[in-house]
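Report on the following structure.
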Amino acid sequence: MKTDDLRSKFLDFFKSKNHEIIDSDSLTPADDPTVLFTPAGMNQFKKEFLGLGRPIKRAATSQRCLRTDDLDKVGKTSGHHTFFEMLGNFSFGDYFKAEAIAWAWEFLVRVLKMDRKRMWVSVYKDDNEAYDIWRDKINIPRGKILRLGDKENFWPSEAKIKGPNGPCGPCSEIFFDWGSHIGCRRQECNPACNCGRFVEVWNLVFTQFNRKEGGLLESLPRKNIDTGMGLERLAAVMQGVYSNFQIDLFKPITKEIEASIKNSRLISSELIYAVADHVRAVVFAIYDGVFPSNEARGYVVRKLIRRSSMHLSKLGIKRPFLYRLVPVVAEVMHSPYPDLQNQQENIAGIILAEEESFSTIIDSAPDLIKRVSQDKHKTPEEIVFELYDTYGVPIEIAIQSLNTAGKELDMQALNHLLDSQKQRSRTASTMKGDVFSLQRLPVKLKKTRFLGYRYDQCAAHVVCILQDTRQIKKLTCGQEAKIVLDRTVFYPESGGQVADIGQITKGRSIFQVFDVKRINGVILHIGRVKAGTIKMNDFVQASIDLSRRMDICRNHTATHLLQSVLRVVLGRHVKQRGSLVAPERLRFDFTHFKDITQDELDRIEELVNQHIWDNDKLKVRTMLIQEARRLGALAFFESKYQKRVRVLSIGDYSHELCGGTHLSYTGQIGLFKITSEGSVSSGIRRIEALTGKFAYARVKEEGNILAEISGSLRVPPQEIGGMLERLLREIKNLQKQKSEIKIEQLQLSIEEMLAAAEDFSGVKLIVRLLPHLEDAALRNLVDLIKKRLPLSVCLLATQKGRKAVLVMGVTVDLLERNFSASDLIKQVTQVMHGSGGGRADFAFGAGDYAEIESGFNKLRQTVKELAEKNINRQ
C-alpha cells in the first residue's frame, strides 16, 4: 500500500468518526516559543487542550515534524529520522480511552487488514482501565499486554518525577512483530526488548492529569486524547520492508543518489539513507521559511546540508549535488504538498549556494586551521571544536591537520565538548518549561467584539481593569493599566500591523491608549489615566487616532499591492516572511534568492503606483478556508485559521487572508516610494517603502537636494550625472598623482628607518610614529621593511583622533625563535589601554594615543628580553 494511500485512509477514517481534518502546521510554529521546530502532531493544539483555541472537539492531522535529538542515529537504524510525518487523532474533552483504543484497533486491523496475531500492546503499569479495555473489549490475550513504567509508558516520559509541569498522563502503545527471525531471537523476547524485532506503530496518550510542583498529579476536569503514529514507520510495516528507507517515499531519492556514485565500492546504505533523510528535512525547512544561518533553526538547516555534503564526499560525490535532489523530493511529496513543486527552484538555489559555500570552507580549511591553531590559550580539543562549531570545518579534517602538526588530542575531552553541543541542540528542539506555556489572563473573559473595520469610535462597557496581574475596580489620574471593553474599535498589534492609539473617555475622564494587545480573543487597551477616573462597569466612548489609522491603512494596502507585484516581476516563488505596517513606513520581507536589479526595482515601484492610479476597489469577504484556497488566497504566516476566514481582494490580481485594516480604494494610498532594498539573510530580501504624505515628503526632500547640487555645480539637474563623472575622473587622476608622490616619500622614509633601526643582540627593531599615513600605507611599509631587513621586528603607528593605530610585522626567520607579532602587539596595546591581535608574522592593534611612548618602550623591553633569551639558548 502506497504511503499516500495510508495518509488518505487515516484521515478519511477519522473523518468518518466526526473528526475535523486539520492541515499540517508549519515546521516553525508561529506562536509557540517552547520548541525550535514542530516535534509532534499535538503541538498545534496546545490552546485546544487548554480549552482556549478553536471551537473543535475532535481533530485529526498528518503533521510534518522535525527533530534533531537523534541525529547521529539517522541512517544507521531502520527508523530514526530528522524529518517525518506524524499521523494523529485528538480529543479535547470529548471521547477518552475506550474510543481511542477501539478506533486505533479498528483502523489497523479492519481498514489496513494488519495481522492481529502479530500485534502486541503496552499500557502504563498503574493504568488498569486501559488494560481492561484491551483485554476485555478488544480481546487481546493477556500474554500480549505489557505493563511498562514511567519512562516507556507515561507522557512526557518520566514527567511524574522530572517534569515538566502541565497536562500529562499514561499512554498505551501498539507494536508490530517482525518475527522471531529478527533481533535477539530469544524465545522470551517481547516489545520491552530493544533488539528491533518489535516496532512501535502507534502511541495513544491519555492526558488525564495536571502535574504541579513537587510531582503532584491532579485529575483534569477535561480529559484529552493525543495520539501519534509515524507515517513512514507504518508504511514500512504495510509495504513489508524492515527499514523505513525502503518505502516508496524514499526509494526515488536513494536511487538518484546511488545512480550518481561512480565507484560501486564506495556505496554505503548508511550514508545514502542519511542523505535521503537530511534532504527531506532541509527541503521542508526552507519551504517553511528557515534558511541556512549560524543561529537557531537556520543553524540546524546549515548543519544538515553540511553533514550531507560530507556523506556525499565519502560516496565519491565531490561536487554540489544535494540541490539536485529537490525535484525528486517535490515529486514524491506532491500529493500532500503540491505547492512544493512551485517552490523547488528557489529551494534548490538556496541549497546550492550553501553547498558552494561549504565547498569554499573545505578548500580554505588548511589556512583556517593554521590561523585558529595559533591561539596559544586554547587546547587542541577546543581548537577542533571551534573549527567545527564556528567555521564548519569537518571534525575529521581538523583532527587530521592538528595531528600532522604534531598536536595530540584528548578524544575524551573533545567528545565532552561535542556532547555538550548536542545537548544544547537537543534542549533547543524539545519542550521547555511547562508543557503548555501560553499567555493567559488572570480572569476568564469573553472575547472582545471588534468594530474597527467599519468605525473609528464606539460606545462600550468596561468589563475588566488589570494592573500587573491583578484585577482592580478603579483607576485614578496618572495610573497605568490594561482595560478590557466588551466592544472596541482599537486594532491590536497583529500580523505585522502596529496597534492603534487613541482615547477611552467618560465625560471629562480620559484614559490615553498607547498600545493594544490581544490574548485569546480578549483585546487589552494599555495606557494611562490622563484625567479623572475610570471604573469597572463604566459606559465609555472608545476613539482611535483616525489620521494615524489612515496612514497605517495606506501602508497595509500598499503591502498587499507590493506582494502581488513582486510575484509578477520576480516570480511565483515569492513568499512573505515578515512585515511591519506602521503609520510612517512599511517593511516587507520575502523569499528571493537572487539580487534584485535596479531595473527590477524600478519596475516594482512603477507597477505598484500603476495599481494606485487605477484606483481599484478593495473587497472583503468571509468564506470557508477551503474556498479561500480555491480562490488562490495567499496565507504566508502559517497561522492557525478558523473554519471561516477573512479574504481581502484587490481587483483580480490580489487575494490574501488578512485580518488587518485597509482602505476602500487603492487610489487613497496616493503615492508609493521604495526607500531601500537588500538582503536580510540567505534567501530573504527586504523592501522598505513610504506611502502618502511620507512618500511625498521624501520626493520633495530629494528634489530639494537635487536642486542644491545643481546650484553648486552650476549645471541644470539633467546634466548633474555628466558633471559628476567628469569630476570623479579628475579626482581619480589627482589621487593617482598623490599616490605616486607618497610612494617616493615612503621609499625615502624606509631608507631612513632602516638606517635608524635599533639592535638588540642581533635582532633589529624599527619603531616609528607616522601621524599622517593611512592604515593601508602602514601595512605596505611594514611589508617593505620585512623584505629589506632580516631578523627584524617593525612597529609603525598613526594617529586617529585620541587613538593610536598600530601595525606590527615580524620576519619569518624570527618566528622559530618564539617571536610572534600577535603576542607582541597584545603586550604593547595592554600598556596603551587597548587591544590587538593577528598572525605570528603580522598583527594590528589600537590604544590610547597619549600612551604611545609607553607602548614603544614596552616593545623595546620585550624584544630585548626575547633576543637575550635566544642568545643564552645558543
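For Arg548 and Asp602, FRET efficiency with R0 = 45 Å and r from the beta-carbon atoms, rounded to 0.05?
E between Asp602 and Arg548, to the nearest 0.05, is 0.90.
Taking R0 as 51 Å, what FRET efficiency do you get between Arg116 and Ser494 from their Cβ-Cβ distance, rounded to the nearest 0.05?
After rounding to 0.05, the efficiency reads 0.50.
Only sites in a loop by DSSP and with at most 11 other Cβ atoms within 10 Å count here; which trypsin sites (Lys or Arg not before Pro) in the stretch 344-426 make the cut?
Lys376
Rounded to the nearest percent, how much of the accessible area of the stretch 209-343 (1.4 Å probe, protein heavy atoms only) is carbon and sulfur?
Roughly 47 percent of what the probe reaches on the stretch 209-343 is carbon or sulfur.
Can you put Ser373, Ser835 in order of accessible area, largest first, using a 1.4 Å probe?
The ranking, largest first, comes out as Ser835, Ser373.
Once you order the gyration tensor axes a ≥ b ≥ c over the Cα atoms, which shape class does the chain get: rounded for a/c under 1.5, otherwise prolate or oblate by comparing a/b with b/c?
Cα axes put the chain in the oblate bin.
Give me the number: length gained by fully extending Ile161 to Asp652, i.e. 0.36 nm times residue separation minus the C-alpha to C-alpha distance, one decimal in nm.
This chain segment gains 170.9 nm when fully extended.
Quick check: at a probe of 1.4 Å, how many percent of the accessible area of the stretch 654-718 sits on carbon and sulfur atoms?
52
Which is farthest toward the positive dipole end of the chain among Ser401, Val443, Gln239, measuring Cα position about the Cα centre, with Cβ charges +1 (Lys, Arg) and -1 (Asp, Glu)?
Towards the positive end, the residue furthest out is Val443.
Would you work out which of Thr862, Pro191, Gly507 lies farthest towards the positive end of the dipole of the chain? Charges go on Cβ: Lys and Arg +1, Asp and Glu -1.
Gly507
Between Gly837, Ser313, Gly532, whose Cα lies farthest towards the positive end of the dipole of the chain when Lys and Arg beta carbons carry +1 and Asp and Glu beta carbons carry -1, centred on the Cα centre?
With unit charges placed on the Cβ atoms, the residue in question is Gly532.
Write out the trypsin sites (Lys or Arg not before Pro) in the stretch 455-503 meeting two conditions: DSSP loop, and at most 16 other Cβ atoms within 10 Å of their Cβ.
Lys473
Given Cβ point charges of +1 (Lys, Arg) and -1 (Asp, Glu) and nothing else, what value in debye, to the nearest 20, does the dipole of the stretch 1-97 about its Cα centre take?
For this selection, approximately 320 debye.
Using r as the Cβ-Cβ distance of Ser8 and His416, and R0 as 56 Å, what FRET efficiency do you calculate, to the nearest 0.05?
0.75
Quick check: pseudo-label points 7 Å beyond the Cα along Cα→Cβ at Arg185 and Asn520, how many nm apart are they?
About 5.8 nm, to one decimal.
Could you give the length gained on full extension between Glu688 and Glu774, defined as 0.36 nm per residue of separation minus the Cα-Cα distance, in nm?
Gain in length upon complete extension: 27.3 nm.
Mind giving me the nanometre distance, one decimal, between the label points for Asp248 and Glu584, set 7 Å out from Cα along Cα→Cβ?
Placing both labels 7 Å along Cα→Cβ, they lie 5.9 nm apart.
May I ask you to derive the relative contact order of the chain, considering only C-alpha pairs under 8 Å and at least 6 residues apart, and to give it as an integer percent?
That works out to 7 percent.
Taking 7 Å along the Cα-to-C-beta vector as the label spot, tell me the Thr469-Lys444 distance in nanometres, rounded to one decimal.
Between Thr469 and Lys444, the label points sit 1.9 nm apart.
Counting alpha carbon pairs within less than 8 Å and at least 6 residues apart, what relative contact order, in whole percent, applies to the stretch 134-184?
Rounded, it is 23 percent for the stretch 134-184.
Divide by every residue of the chain the summed helix terms, -39500 (n - 2.57) for each DSSP H run of at least 4, and state the resulting mean residue ellipticity at 222 nm, rounded to the nearest 500 deg cm²/dmol.
Taking each H run of at least 4 residues, the total per residue is -12000 deg cm²/dmol.
Looking at the stretch 1-143, send over the antiparallel percent of its DSSP beta bridges, to the nearest 5.
Percentage antiparallel, nearest 5: 80.
How many angstrom lie between the Cα centre of the stretch 84-143 and the Cα centre of the stretch 516-539?
50
Suppose we flag GluC sites (Glu not before Pro) only when DSSP calls them loop and at most 10 other Cβ atoms lie within 10 Å. Which is the longest uninterrupted stretch of the chain?
409-815
For the stretch 558-615 and the stretch 9-41, what is the centre-to-centre distance using only Cα atoms, to the nearest Å?
The stretch 558-615 and the stretch 9-41 have Cα centres spaced 32 Å from each other.
For the stretch 761-804, which trypsin sites (Lys or Arg not before Pro) are in a loop by DSSP, counting at most 10 other Cβ atoms within 10 Å?
Those that pass, being in a loop and sparsely packed, are Arg802.
Provide the per-residue ³J(HN,Hα) series for the stretch 655-664, in order, calculated from phi with Karplus coefficients 6.51, -1.76, 1.60 and θ = phi - 60°, each as a whole number of Hz, with x at glycine and proline positions.
Whole-Hz 3J(HN,Hα) from phi for the stretch 655-664: 9, 9, 6, 7, x, x, 9, 9, 7, 9.
For the chain, with every protein chain kept in place, what is the accessible area per residue (1.4 Å probe, Å²)?
Using a 1.4 Å probe on heavy atoms only, each residue of the chain averages 48 Å².
Between Gln735 and Lys378, what is 0.36 nm times their sequence separation minus the Cα-Cα distance? Round to one decimal in nm.
Extending this stretch completely gives an extra 124.0 nm.
At a probe size of 1.4 Å, how large is the accessible area of Ile138, to the nearest 10 Å²?
20
Given axes a ≥ b ≥ c from the Cα gyration tensor, I'd like to know whether the stretch 247-318 is rounded (a/c under 1.5), prolate (a/b larger than b/c) or oblate.
Here the stretch 247-318 falls in the oblate category.
Which whole-number percent is the relative contact order of the stretch 475-530 (Cα, under 8 Å, 6+ apart)?
Computed value for the stretch 475-530: 41 percent relative contact order.
Once you have a ≥ b ≥ c as the square roots of the Cα gyration tensor eigenvalues for the stretch 1-106, tell me rounded if a/c is under 1.5, and otherwise prolate or oblate according to whether a/b is larger than b/c.
Judged from the Cα gyration tensor, the stretch 1-106 comes out oblate (a/c at least 1.5, b/c at or above a/b).
Per-residue HN-Hα couplings for the stretch 828-842, Karplus 6.51 cos²θ - 1.76 cosθ + 1.60 at θ = phi - 60°, whole Hz, x for Gly and Pro?
Calculated HN-Hα couplings, in order: 5, 5, 5, 5, 8, 6, x, 8, x, x, x, 8, 5, 9, 8 Hz.
The values are calculated or read from the model by the stated rules, or taken from the named source; none is laboratory data. The model shown is predicted, which means the values in this text are computed figures rather than measured ones. Cβ sites come from the backbone with ideal geometry, for glycine too, and all protein chains shown count toward neighbours. For the accessible areas, the whole protein counts, side chains as well, though only heavy atoms, and no ligand, DNA or RNA atoms are used. Shrake-Rupley method; radii C 1.70, N 1.55, O 1.52, S 1.80 Å.
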